[in-house]
Amino acid sequence: MLRMTSLVLFFLGLVQATFAQEKVIIIGAGISGLAAGKTLQKSGYEAVILEARDRVGGKIWTERSTGSSLYLGASWIHAITGNPITSLAKKST
């Protein structure tokens, strides 16, 4: 329970790790996984990011097989009810 409490306090920004013996595995090298890895490493944790694909970025990626760039992903908003991204998307259209 103490370890879980420490992690909760860490993510709330109330406590910072002062040693690198804590190890964290992050599943997915999308933008959230990459940001989590960077934040954890800056705070003294040893973080390993696991990704099933042969690239990083998750849903954000560029297809270049046709010789030109086609930007894919990060265009679908999940759970639009109560999602703050929905209001941002509506403002941009």
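The values are calculated or read from the model by the stated rules, or taken from the named source; none is laboratory data. For clarity, every value in this text was computed on a predicted model and none was experimentally measured. Virtual Cβ from ideal backbone geometry, glycine too; neighbours counted across all protein chains shown.
Looking only at residues in the range 39-57 that are assigned to a loop (DSSP other than H, G, I, E, B) and hydrophobic (A, V, I, L, M, F, W, C), the one that is modelled with the highest pLDDT is ALA52. Do you know which of the residues in the range 1-26 that are touching a helix residue (DSSP H, G or I) at 6+ places or on another chain (Cβ under 8 Å) and either at pLDDT below 85 or farther than 24 Å from ALA74 by Cα (or both) is surrounded by the most Cβ atoms within 10 Å (Cβ to Cβ)? Only one residue fits best here, namely ALA17.
ALA79 - would you say it is free of Cβ contacts under 8 Å to residues at least 24 places away in the same chain, in a loop (DSSP other than H, G, I, E, B), out of contact with any Cys (no Cβ under 7 Å at 6 or more places or on another chain) and not basic (Lys, Arg)? Criteria met by ALA79. Scanning the range 27-48 for residues that are among the hydrophobic types (A, V, I, L, M, F, W, C), surrounded by 13 or more Cβ atoms within 10 Å (Cβ to Cβ) and within 20 Å of ALA74 (Cα to Cα) returns ALA29, ILE31, LEU34, ALA36.
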